[in-house]
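Beneath this line is the structure, given in structure tokens, with notes to follow.
The values are calculated or read from the model by the stated rules, or taken from the named source; none is laboratory data. The structure displayed is predicted, hence computed values, not measured ones. Note that we place each Cβ from the backbone using ideal geometry, even for glycine, and neighbour counts take in every protein chain shown.
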Protein chains: 2
Amino acid sequence: MSSIKEIAKYVGISPASVSIYLNDKNSTRVSAKTKLLIDEAVLALNYHKNVFASSLATQESRIIGIIIPTMLPLFQNDYTNTLLSGIQTRLSAFGYSMLFFPSSAKSSIEIVKEQLEKSAGCDGYILFSTGFCTMDQIRKNITEIEKTGRPFVTLNIPSVPERIHQVLIEGLETASGIPYLISKGHRNIVLLLGRRAGVHARFLKNDFKTRIAAAGIKCDENSIIYGEYDALQAYSAVKEVLETRPETTAICSMSDIMAAAAIKAVQESGRTVPDDISVIGRNNSLHAMLATPSITTIDLNMHQAGLSAANLLLDAVDGNTAPQKIIISGTLIERESVAVR
Amino acid sequence: MSSIKEIAKYVGISPASVSIYLNDKNSTRVSAKTKLLIDEAVLALNYHKNVFASSLATQESRIIGIIIPTMLPLFQNDYTNTLLSGIQTRLSAFGYSMLFFPSSAKSSIEIVKEQLEKSAGCDGYILFSTGFCTMDQIRKNITEIEKTGRPFVTLNIPSVPERIHQVLIEGLETASGIPYLISKGHRNIVLLLGRRAGVHARFLKNDFKTRIAAAGIKCDENSIIYGEYDALQAYSAVKEVLETRPETTAICSMSDIMAAAAIKAVQESGRTVPDDISVIGRNNSLHAMLATPSITTIDLNMHQAGLSAANLLLDAVDGNTAPQKIIISGTLIERESVAVR
DNA sequence: TTGTAGGCGTTATCAA
DNA sequence: TTGATAACGCCTACAA
């Protein structure tokens, strides 16, 4: 409520001196007496610094804009939350705030545009991609964010030729569970994807087909199903595929939540995991650990990815402009949900 | 990067006209020709509005500060995420951004102070409490935030006499699973709490004892255990209590994650849920739905609580100052983890 | 329909 | 050690 001017008036000095002291308590440019008086005034007048005014003057806000092109409510997605958690941990440690923008738009491009529109003043951005984005949209989003002239890092996005700061999650577009299942003797594998639209699905589908073919297995289009990263939808999809493809011996799910739902579906169809059907998940979330049986999964190390993205951005904000790609590898976590065939 | 001045120069008009048009595309105070020229310039110069400058001028930022007094990384807690999701949904719909502040402090009070220190400029705040806060700290945090003179809403906090905007989650300090378990014939119930410190634990413990006593059951101090809202710690605590109190017939957990961990522990001790031991959770998270057996739980309706908190705050920002308390009730979700005794 | 001028709260430069 | 003053980018009277 109160401003630096009022503090100055209260103490009987100029705003400049107040500012100097408040920004550097050890400054030698303010006398000890004055310092005490200022402290007193700050308390008496409930002074709080206005970040916005200060960032206007310094051209630095210590605020990072987080751009997430999704139409769904935030903070509901396991992957995104883990990423955000890593980002927040690092940004917070360096005194940076995170700003999430509103959006009413209906497409990934529109959302990014809308969010960027009112965002000038942020020191940098982290751009997510989500299962909603096509490759084309991702490129456009990058162009859009480049126009701000501010440093940014992309996260959760397929590798892209643009010379930008990028954290890549190895295995995000790889059906990494497949070779493992094959090595365990499975030849009748169902791929449980998340979103139907978006790049991720495209890449994963192709990868799946390639790997299956390489193992000499004939690919059946019906063996690819979709769960929208949602427990209920995954459950239904698995129930259905169990009927149409009773020969299935393994399910490779693109998230632990869908894997847990798959296990439910298998069990309720009267079969057991892993004896009748093996299930592998992805993300190494709590769901994988707590399911019965516990789920063998691939840890994408997304928390680390978040940390790295923040590191990269902070470097860039400090003027380090050489574009870097950081690649985060996944780790296989073997538990109880996969059996040898 | 570019400013309203540059746009004006580019078009050959005054900054005022640009500002007027940009803030009201339908304004009659700017000619159609000029509008087109401005649009062109905006594109050509990659103009993005500086929120900070504009909020300085208007004394309104459309940014809400989110204050969460925790030392743990954000976005990792089921309860908090659900709350945040509700808040974001509503705020976003009304065009408000959310700002998360950094903090390096080691106590709830210090964190709040530190975050508030640089936060002037926000239109309002949402103040969380966490399992780390004692009642005393909560009161101090409220006093602190009141000093900003900005509207704020408290969330996830025990009812407090102060005349403030408050969203109360009914059942947050109530061991609501207890009466249910008693009604099912259980008399040997273990209470699985989260954090040891903090108000919540205190309230819950008292409530538990009262309810147990009312049912004529003698209370055993050993029947109260702690899992820190963490799967691993809850698992160990349950394993242990199963040894020391083999007569236990039911576990009342304060979170679904801990309930799922409890089920694991029970199963691995060679007993079954719910036949040997019943388990009830809280929060109706995905964990409760996906566990085997699925978990009977109490839905605290935290998403709704988040929505309500945002509503309340938005009202307050609009000048509606009459303090309101909104009470969100819980809902019992009966599933498979509780048996009649 | 457009322009001028002052101010929002803070900081930086320069002078006293 | 302190004070004036201008500037950051935008908005709003008011004047033209």
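If you check A:Leu204, A:Leu192, A:Leu168 for being in contact (Cβ under 8 Å) with a residue 24 or more places away in the chain, in contact with a Cys (Cβ under 9 Å, 6 or more places away or on another chain) and away from every other protein chain (no Cβ under 14 Å), only one passes: A:Leu192. Checking every residue in segment B:28-36 against the condition of being within 32 Å of the chain's Cα centre (by Cα), more than 9 Å from every other protein chain (Cβ to nearest Cβ) and surrounded by fewer than 20 Cβ atoms within 10 Å (Cβ to Cβ) gives zero matches. Number of residues in segment A:44-75 that are within 16 Å of DNA strand C (Cβ to nearest atom) and either within 40 Å of the chain's Cα centre (by Cα) or at positive phi (or both) equals 18. Can A:Lys325 be described as surrounded by fewer than 24 Cβ atoms within 10 Å (Cβ to Cβ) and within 30 Å of A:Arg163 (Cβ to Cβ)? So A:Lys325 fits the description; yes. Among the residues of segment B:32-57, those identified as over 21 Å from A:Glu144 (Cβ atoms) and more than 12 Å from DNA strand D (Cβ to nearest atom) are B:Ala32, B:Lys33, B:Thr34, B:Lys35, B:Leu36, B:Leu37.
Given the condition of a type in the set (Val, Ile, Thr), closer than 25 Å to A:Ala197 by Cα and within 14 Å of chain B (Cβ to nearest Cβ), answer yes or no: does some residue in segment A:106-118 qualify?
Checked against the condition, which is being of a type in the set (Val, Ile, Thr), closer than 25 Å to A:Ala197 by Cα and within 14 Å of chain B (Cβ to nearest Cβ), segment A:106-118 yields at least one hit.
Would you check if B:Tyr21 is of a type in the set (Phe, Trp, Tyr) and facing chain A (nearest Cβ under 9 Å)? Criteria not met by B:Tyr21. When B:Asp275, B:Asp230 are screened for being out of contact with any strand residue (DSSP E or B) (no Cβ under 8 Å at 6 or more places or on another chain), under 23 Å from B:Ile67 (Cα atoms) and either in contact (Cβ under 8 Å) with a residue 24 or more places away in the chain or within 14 Å of chain A (Cβ to nearest Cβ) (or both), only B:Asp230 passes.
It is to be established whether one or more residues within segment B:60-67 are within 13 Å of DNA strand D (Cβ to nearest atom), part of a helix (DSSP H, G or I) and over 30 Å from B:Tyr229 (Cα atoms). No - not one qualifying residue is present in segment B:60-67.
Each row is one residue, and each column tells you yes or no for (1) closer than 21 Å to B:Ser129 by Cα; (2) at pLDDT 95 or above; (3) of a type outside the set (Gly, Ala, Ser).
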| site | (1), (2), (3) |
| --- | --- |
| B:Gly185 | no, yes, no |
| B:Leu192 | yes, yes, yes |
| B:Leu204 | yes, no, yes |
| B:Asp207 | yes, no, yes |
| B:Asp220 | no, no, yes |
| B:Ser223 | no, yes, no |
| B:Ala231 | no, yes, no |
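Exactly one residue among B:Ser19, B:Ser2 is modelled with pLDDT of 90 or more, among the hydroxyl-bearing types (Ser, Thr, Tyr) and either within 9 Å of DNA strand D (Cβ to nearest atom) or touching a strand residue (DSSP E or B) at 6+ places or on another chain (Cβ under 7 Å) (or both), and that residue is B:Ser19. Applying a threshold of 7 Å to beta carbon distances and a minimum spacing of six or more residues, or different chains, the list of pairs starting in segment A:1-12 at a residue that is within 18 Å of B:Gly149 (Cα to Cα) and ending at one that is assigned to a helix (DSSP H, G or I) and within 10 Å of DNA strand D (Cβ to nearest atom) reads A:Ile4/A:Pro15; A:Ile4/A:Val18; A:Ile4/A:Ser19; A:Lys5/A:Pro15; A:Ile7/A:Val18; A:Ile7/A:Ile38. Which ones in segment B:1-38 are assigned to a loop (DSSP other than H, G, I, E, B) and either near DNA strand C (Cβ under 7 Å from one of its atoms) or hydrophobic (A, V, I, L, M, F, W, C) (or both)? Residues satisfying the conditions are B:Met1, B:Gly12, B:Ile13, B:Ser14, B:Thr28, B:Arg29, B:Val30, B:Ser31. In segment B:57-86, the qualifying residues are those that are within 7 Å of another protein chain (Cβ to nearest Cβ) and touching a strand residue (DSSP E or B) at 6+ places or on another chain (Cβ under 8 Å), and the one that is modelled with the lowest pLDDT is B:Ser61.
Rundown of residues vs (1) assigned to a helix (DSSP H, G or I); (2) not β-branched (Val, Ile, Thr), yes/no style:
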{"site": "A:Ser236", "(1), (2)": "yes, yes"}
{"site": "A:Leu242", "(1), (2)": "yes, yes"}
{"site": "A:Glu247", "(1), (2)": "no, yes"}
{"site": "A:Cys252", "(1), (2)": "no, yes"}
{"site": "A:Ala260", "(1), (2)": "yes, yes"}
{"site": "A:Thr272", "(1), (2)": "no, no"}
{"site": "A:Val279", "(1), (2)": "no, no"}
{"site": "A:Thr297", "(1), (2)": "no, no"}
{"site": "A:Ser308", "(1), (2)": "yes, yes"}
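Restricting attention to segment B:116-131 and to residues that are within 19 Å of B:Asp318 (Cβ to Cβ) and outside any strand (DSSP E or B), the residue that is modelled with the lowest pLDDT turns out to be B:Gly121. Within segment B:39-56, the only residue that satisfies the criterion of being within 7 Å of chain A (Cβ to nearest Cβ), more than 18 Å from B:Met98 (Cα to Cα) and either touching an Asp or Glu at 6+ places or on another chain (Cβ under 7 Å) or in a helix (DSSP H, G or I) (or both) is B:His48.
Looking only at segment B:210-234, filter to residues that are assigned to a loop (DSSP other than H, G, I, E, B) and within 22 Å of the chain's Cα centre (by Cα); which one of those is surrounded by the fewest Cβ atoms within 10 Å (Cβ to Cβ)?
Result: B:Glu228.
Based on what the data block shows, is B:Arg163 among the basic types (Lys, Arg), more than 16 Å from DNA strand C (Cβ to nearest atom) and free of Cβ contacts under 8 Å to residues at least 24 places away in the same chain? Criteria not met by B:Arg163.
Listed by position, the strands (runs of 3 or more DSSP E) contained in segment B:132-196 that have at least 2 residues being more than 17 Å from the chain's Cα centre (by Cα) and under 30 Å from B:Ile217 (Cα atoms) are B:189-193. Out of all the residues in segment A:282-296, is one or more modelled with pLDDT of 95 or more and either among the acidic types (Asp, Glu) or under 30 Å from A:Thr148 (Cα atoms) (or both)? Taking every residue of segment A:282-296 in turn, none turns out to be modelled with pLDDT of 95 or more and either among the acidic types (Asp, Glu) or under 30 Å from A:Thr148 (Cα atoms) (or both).
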